[in-house]
Protein chains: 4
Amino acid sequence: MNTRSSALVAETGRRNEAAILNAAIHAFGTKSFNGASMRDVAKGAGTSLSNLYNYFPSKSKLLAAAMRHANDELQRRVRTAVDQAGDDAPSRLREAVRAHVGFVVDHRVAMVVSTNDVRFLDAEDRDALVVDRDATEATFERIIAQGTTEGSFHTPYADDAARAILGAAGAIAGWYRPDGPLSRGQLAEQYARFALALVEGPLPR
Amino acid sequence: MNTRSSALVAETGRRNEAAILNAAIHAFGTKSFNGASMRDVAKGAGTSLSNLYNYFPSKSKLLAAAMRHANDELQRRVRTAVDQAGDDAPSRLREAVRAHVGFVVDHRVAMVVSTNDVRFLDAEDRDALVVDRDATEATFERIIAQGTTEGSFHTPYADDAARAILGAAGAIAGWYRPDGPLSRGQLAEQYARFALALVEGPLPR
Amino acid sequence: MNTRSSALVAETGRRNEAAILNAAIHAFGTKSFNGASMRDVAKGAGTSLSNLYNYFPSKSKLLAAAMRHANDELQRRVRTAVDQAGDDAPSRLREAVRAHVGFVVDHRVAMVVSTNDVRFLDAEDRDALVVDRDATEATFERIIAQGTTEGSFHTPYADDAARAILGAAGAIAGWYRPDGPLSRGQLAEQYARFALALVEGPLPR
Amino acid sequence: MNTRSSALVAETGRRNEAAILNAAIHAFGTKSFNGASMRDVAKGAGTSLSNLYNYFPSKSKLLAAAMRHANDELQRRVRTAVDQAGDDAPSRLREAVRAHVGFVVDHRVAMVVSTNDVRFLDAEDRDALVVDRDATEATFERIIAQGTTEGSFHTPYADDAARAILGAAGAIAGWYRPDGPLSRGQLAEQYARFALALVEGPLPR
DNA sequence: AATGAATGAGGATTCATTCAT
DNA sequence: GATGAATGAATCCTCATTCAT
């Protein structure tokens, strides 16, 4: 019951905690924060309702933890990809976008939670998350700035292009179906090119 | 109390109906469908809770009506813009994007409802909405196909570019602030160029 | 089910409100504020749980309203008694004590609520109640001061005698049983004498 | 954290037991039996929730033990005081009242628990406590009877005067503040005189 | 003794909806 | 159309208690 094909949180040490977090992501992503009940989460995690509160003090804190995990994983993937790419802006942007799209495809529900339910966090948790989120955005912004400086990207709107790219990529979560016509790889490829074109960078022929 | 600067639904004939719809869009957009109560809507519309049911038979049908209105307005704007543009794909795409972005900026909350809450509609209403939505998407797809055929757009992914453009534009609702550094006009201008670049079309210098 | 022998709140106009208040006094007095559930109150009032909230916004506000009613009735009785007594301090004290004891006997549960559950009110409601309560206490203090000035009471502790008298009278609620050896009238008589003796005033032979 | 200025139960041998009992008295006295949770008690005692059950089999039994301790201490103080007083009823009553008031002042919360929460004991425990309580009351009754027989007290209501005196003294717990205008000693003095006056006994000039 | 994890029952409160007026 | 009162189901969360360690 717990073996959802691609759980976001790995079960290391604290069995239940991971199970609860994954169930929460699933429930919130599917039915939205307010539409999913703690009972739903408990059922999904295979534990009792009250036991949830031994791990997370409130529904909102559970959401915060779930979103933190999702964001960490996204950042980890993007950073790794950028680090392993070449030094030039085009290949770095390309790999960053591919990694980002890969995450969105692998964890569509987590992505939905991330974009829809931030508003239900405590002010404190929300602020912390926004900081993290901005860090991811900043990674893209830096690459684009680098490309502009280097002369490989010619967009006059370098400052705002990152948001457009991340917006397009994030929206994938809303419509992608793994059994649809596009494979994960094709999609990543497409969006990498869209991104390069958008910043008016060099395109493979 | 009802005079929200830019109400989506105009008050023609049925006073209350428009007030209720606008209040619903505001409430659902702000607190999400499940987070907003019918009491919230009633309060926002300046009428009594029970009176809501004289206009809409259920919360879900109210949501459906609200989304229908939002979608109609979006489609109207985009179509008008396209009709008034030149005959060539680049200017048509440019105007379509400008119109779309304009709508998103003017009705951010409605946009949020539209993208987040479709899942709470009855199957029937959801299907109807998806059809309408696809129509808007198809408008963009047709323009891109035209441009590709004409030879002005060179993207190899003509079939999927519309979704990327609409995704980027829709995401604006999540972060745009009217008192921020970007004016409505500048934003429309930016995204029009992003779109043209993305489809690898001709860019003004 | 509602016809408790001596309801504190009379049913005038708003049927349900009186029924709820009386049920609340009964439930809180019997099982204490935290031990009584809103369901208990609803059952006692013959209405549904959720309907309670159409009359009182929270359990704590319901308690506040109940205590307000109890205090009003107590004050009313004491004032009437004092007004109808002679002008001399001894007969005024006598009548005040008799009225107070009468109230305690008639509404023992209300008295229990009043003395035990003040701490569960909102700060605001608690303050308001304390003011009212002090007013009752002040009535006794004034009489004692008058008696001291007139020379009929000789206690050296005139300032604190009221609290002792009210304490003794309030405690009656904890042990009095209507079917016990003491009648309501005898009890009132006893405590009136106790009070006069305590302030070292003139005693009937 | 456990060192409350005047703990009722001394730490002899079983550290934890005393800590738990004192924490229970504090919690129940502050928030009432139903308002205080076993978690509150555990926190106050500096131990774990589950460990409480190694000392007391249930919340209600814990309450019983706490009340037993409070009552024992009260009785001990009153008896000692009476034993050390002279043989005449007036000085015995005087010392008994002083001791009783002293206890109430020193252990206000314990007194609150004692008077408010008896009803939450098991029938068995409640009966046992009532017996103990009656013993304390009987001490006062005996002194008053003695005084009446000796001819030093003239109240016609000798049988019921004890309850009035104890009621007045017990109520002190509800309003006394150590930082208020009355010292512990003054208060004891006042109530001793109130008691003597109430039974119509001889008063110091 | 001591603990952390677990649980079923029950707590106050809110909700969408209905109905009599 | 419009309203206030009514309700059953569901919400989040807390509780006393147990159990394995």
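The values are calculated or read from the model by the stated rules, or taken from the named source; none is laboratory data. Since the model is a prediction, treat every value here as computed from it, not as a measurement. Cβ coordinates were reconstructed from backbone atoms using ideal geometry, including for glycine residues, and neighbour counts include every protein chain displayed. The accessibility values were calculated without ligands, DNA or RNA, using every heavy atom of the protein model including side chains. Shrake-Rupley method; radii C 1.70, N 1.55, O 1.52, S 1.80 Å.
With a 1.4 Å probe and all protein chains kept in place, how much accessible area does B:Asp72 have, in Å² rounded to the nearest 10?
Spelled out: B:Asp72, probe radius 1.4 Å, area about 80 Å².
Put simply, what bits of the range D:15-54 lose 40 Å² or more of accessible area when the other protein chains are there, versus the chain on its own (1.4 Å probe)?
D:Ser32, D:Asn34
Take the Cβ-Cβ distance between A:Asp83 and A:Val130 as r, set R0 to 30 Å, and report the resulting FRET efficiency rounded to the nearest 0.05. Don't skip to the end; give the middle numbers.
Details: r = 24 Å, r/R0 = 0.81.
Plugging the Cβ-Cβ distance into 1/(1 + (r/R0)^6) gives 0.80.
Residues of D:190-200, mean number of Cβ from any other protein chain within 10 Å of their own Cβ, rounded to a whole number? Provide the component values of the computation, followed by the final result.
Working: counts 8, 4, 0, 6, 14, 2, 3, 12, 11, 3, 7.
The per-residue average across the peptide is 6.
I'd like the distance between the alpha-carbon centres of the range A:35-64 and the range C:16-31, rounded to an integer number of Å.
36 Å
Would you mind getting the accessible area per residue of the range C:104-190, heavy atoms of the protein chains only, 1.4 Å probe, in Å²?
Numbers: 3870 Å² over 87 residues.
I get 45 Å² per residue for this part.
What is the calculated FRET efficiency for A:Leu49 to D:His154, with r their C-beta to C-beta distance and R₀ = 45 Å, to the nearest 0.05?
On the way: r = 67 Å, r/R0 = 1.49.
The calculated FRET efficiency here is 0.10.
Taking the dipole about the Cα centre of chain A, with the C-beta of Lys and Arg at +1 and of Asp and Glu at -1, give me whichever of A:Ser58, A:Met111, A:Ala45 is farthest to the positive side.
Working it through, the farthest residue towards the positive pole turns out to be A:Ala45.
B:Asp127 label points, 7 Å along Cα→Cβ, one per copy: pairwise distances from this copy to the rest in nm, shortest first?
Here the equivalent label points are 4.9, 6.1, 7.2 nm apart from this one.
How big is D, in µm² s⁻¹, for the range D:60-198 by Stokes-Einstein at 37 °C and 0.692 mPa s if Rh is the Kirkwood radius over C-alpha pairs? Please list the in-between numbers first.
Details: Rh = 15.4 Å.
Rounded to a whole number, D works out at 213 µm²/s.
If DNA, RNA and ligands are ignored and the probe is 1.4 Å, what is the ranking of A:Asp134, C:Asp83, C:Asp125 by accessible area, most exposed first? Spell out each step's value before the answer.
Working: A:Asp134 85, C:Asp83 125, C:Asp125 25 Å².
Correct descending sequence by accessible area is C:Asp83, A:Asp134, C:Asp125.
Over the whole of C:168-176, what's the average partner chain Cβ count within 10 Å per residue? Rounded to a whole number, please. Spell out each step's value before the answer.
Details: counts 12, 4, 5, 10, 3, 1, 6, 4, 1.
Whole-number average of other-chain Cβ neighbours for C:168-176 is 5.
Going by alpha carbons, how many degrees (0 to 90, nearest 10) lie between the helix axis of C:123-150 and the longest principal axis of chain C?
20 degrees
In nanometres, what is the gap between the two model label sites at B:Ser58 and D:Asp72, each 7 Å from Cα along Cα-to-Cβ?
Calculated label separation equals 6.5 nm.
Please list, or write none, the lysines whose alpha carbon is within less than 25 Å of the alpha carbon of C:Lys31, excluding same-chain residues fewer than 8 places away.
C:Lys43, C:Lys59, C:Lys61, D:Lys31, D:Lys59, D:Lys61
Treating the beta-carbon of each Lys and Arg as +1 and of each Asp and Glu as -1, no other charges, what is the dipole magnitude of the range D:1-141 about its Cα centre, to the nearest 20 debye?
Its charge dipole is roughly 680 debye.
Would you mind listing the distances between the D:Glu11 label point and the same position in each other copy? Use 7 Å along Cα-to-C-beta, nm, one decimal, shortest first.
4.4, 5.9, 7.2
Rounded to the nearest 0.05, what FRET efficiency do A:Glu11 and D:Ala10 have when you use their Cβ-Cβ distance and R0 = 51 Å?
0.55
Helix-only estimate, please: 222 nm mean residue ellipticity of chain D, summing -39500 (n - 2.57) across DSSP H runs of length 4 or more and dividing by its residues, to the nearest 500.
On the way: 8 runs with 139 residues, N = 205.
Value at 222 nm, helices only, nearest 500: -23000 deg cm²/dmol.
Taking θ = phi - 60°, what integer Hz values does the Karplus form 6.51 cos²θ - 1.76 cosθ + 1.60 yield along the range B:191-205, in sequence order, with x for Gly and Pro?
With coefficients 6.51, -1.76 and 1.60, one gets 5, 4, 5, 3, 5, 4, 5, 4, 7, 6, x, x, 10, x, 6 Hz.
Using the Cα centre of the protein assembly as shown as origin and beta-carbon charges of +1 (Lys, Arg) and -1 (Asp, Glu), tell me which of B:Tyr157, A:His154, A:Ser91 is placed farthest towards the positive end of the dipole.
It is B:Tyr157.
Quick check: Cα centre of the range B:82-109 to Cα centre of the range A:127-146, how many Å?
Taking the Cα centre of the range A:127-146 as reference, the centre of the range B:82-109 is 29 Å away.
Would you mind listing the distances between the A:Gly185 label point and the same position in each other copy? Use 7 Å along Cα-to-C-beta, nm, one decimal, shortest first.
Result, one decimal in nm: 4.9, 9.5, 10.4.
Averaging the inverse of every distinct alpha carbon separation and then flipping it gives the Kirkwood radius. What is it for the protein assembly as shown, in angstrom units?
Numbers: mean 1/r = 0.0304 Å⁻¹.
Taking the inverse mean of 1/r over all distinct Cα pairs, the protein assembly as shown comes out at 32.9 Å.
Which Cβ of chain C lies nearest the axis of the rotation superposing C onto B, and at what whole-Å distance?
C:Ser50, 4
Give me the net charge for the shell around C:Tyr157: Cβ to Cβ below 14 angstrom, other residues only, Lys and Arg +1, Asp and Glu -1. Before the final figure, lay out the partial values.
Values: positive: C:Arg163, D:Arg193; negative: C:Glu141, C:Asp159, C:Asp160, C:Glu200, D:Glu189.
That works out to -3.
I'd like to know how the range C:108-164 sits against the 2.2 N^0.38 Å rule of thumb: what's its Cα Rg over that expected value?
Working: Rg = 14.6 Å, N = 57, 2.2 N^0.38 = 10.2 Å.
This ratio for the range C:108-164 stands at 1.43.
With a 1.4 Å probe and all protein chains left in place, how much of the accessible area of the range B:64-198 comes from carbon and sulfur atoms, in whole percent?
Values: 2750 of 5600 Å².
Summing carbon and sulfur atoms, their accessible area is 49 percent of the total for the range B:64-198.
For chain C, take the longest principal axis of its alpha carbons; what is the angle in degrees between that and the long axis of helix C:59-84, to the nearest 10 within 0 to 90?
Computed tilt is about 30 degrees.
To the nearest 20 debye, what is the magnitude of the charge dipole of the range D:60-198 about its Cα centre, counting +1 on the Cβ of each Lys and Arg and -1 on the Cβ of each Asp and Glu? Working shown, then result.
Numbers: 17 positive and 21 negative charges, 90 e Å.
That gives a dipole near 440 debye.
Taking both sides together, what accessible area is buried at the D/C interface, probe 1.4 Å, expressed in Å² and rounded to the nearest 100?
2600 Å²
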